[in-house]
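First the structure, in the form of C-alpha cells, and then the observations on it.
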Amino acid sequence: MQKYHSISRLIPQAVAYLVMLLGTMVMMGWLVKNQAIIQINDNFVPMQFNTALCFLLSGVGLWAINEKQTHIAKVVCASVFVIAFATALQYVLDVDLYIDQILMEHYIDLNTSSPGRMAPNTAICFLIVSSVLFISDRVRKSPNFLYFYSVATAIALALSLVAIVGYLNGVESSYGWSRYTQMAMHTSLGFVFICVGLGTLAVVKWRSLIS
C-alpha cells in the first residue's frame, strides 16, 4: 500500500514537471524564434503562445494539487480558465477581445484563423483541465465531484487522442474544426500527459472514497 501511494504521487508530479517544461520550451521558442520547437514540423500548425502559457500554469496547478497546495492550484487554474473561456467566447461570438497577441506578436500563422489564437478544441480542453483541477480538493468529500472529475478528464483525453490519430492518419478534421485554428501536434500530446496525471489522481481519490 505504501509503495502504491508513492507511485500514485510520483506520476502526477512527473507529469506536472513535463507539462511545465513543454509550456516553458514553447514560450522560449517563440521568444527566440525557434520554429522547430514551436511547430515540430513545417507543415504542422504552431502551438500558440497562450497555449504554452496555459500548459505552464496547468502544470503548476497539477503540481500544487499533488502537493496539497490548494490555494496556489486555484489561482493558476482560475487564470487558465479565464484565458480559455475568453478564447472560446471569441469563437462563439465571432469577436476579438485582443487577448491572442497580448504577450507575443505572432509571426507564424499557418492554419490559424486569427494570429495567436489557440484552437477551439484546445480552449475546450483547457476549460476542462482547469475546472477539474479547481474542484480536485473537493472530490474526496463527494462522489458527485469525482464523477464529474473522471468524465471530464476522459472527454479531454478523448479530444486529444482524436487529434493525435488525425495527425498520424492525415485526417485534418480530427484536429482542425472547420476554418478555425487547428490544435498543434504537441498540444494534443501535452493534453494526453496531463490527463494521465489527472487520471492517476482520480484513481487515488476513488480508492479513498471506497476505503
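Using a Förster radius of 30 Å, what is the FRET efficiency between ILE99 and VAL75 based on their Cβ-Cβ separation? Nearest 0.05, please.
0.95
What percentage of the solvent-accessible surface of segment 1-98, computed with a 1.4 Å probe over protein heavy atoms, is contributed by carbon and sulfur atoms?
68 percent
Would you mind classifying segment 19-122 by shape? Square roots of the alpha carbon gyration tensor eigenvalues, ordered a ≥ b ≥ c; an a/c under 1.5 is rounded, otherwise it is prolate if a/b is larger than b/c and oblate if not.
oblate
Stretch ASN144-TYR17 to full length: gain in nm at 0.36 nm per residue minus the Cα-Cα span?
Stretched out fully, the ASN144 to TYR17 stretch lengthens by 42.8 nm.
Long-range amide H contacts for GLN182: which residues qualify at under 5 Å (H placed 1.01 Å from N, peptide plane, sequence gap of 5 or more or a different chain)?
Distant-sequence amide H within range of GLN182: SER113.
Over the chain, average the accessible area per residue using a 1.4 Å probe and give it in Å², no decimals.
The answer is 49 Å² per residue.
Using just the helices of the chain, give the 222 nm mean residue ellipticity in deg cm²/dmol: DSSP H runs with n ≥ 4 each add -39,500 (n - 2.57), and the total is spread over all residues, rounded to 500.
For the chain, the value works out to -24000 deg cm²/dmol.
The values are calculated or read from the model by the stated rules, or taken from the named source; none is laboratory data. Predicted model only: the values in this text are computed from it and were never measured. Here Cβ is always computed from backbone atoms with ideal geometry, including for glycine, and neighbour counts include all displayed protein chains. Just the protein is used for accessible areas: all its heavy atoms, side chains included, with ligands, DNA and RNA removed. Shrake-Rupley method; radii C 1.70, N 1.55, O 1.52, S 1.80 Å.
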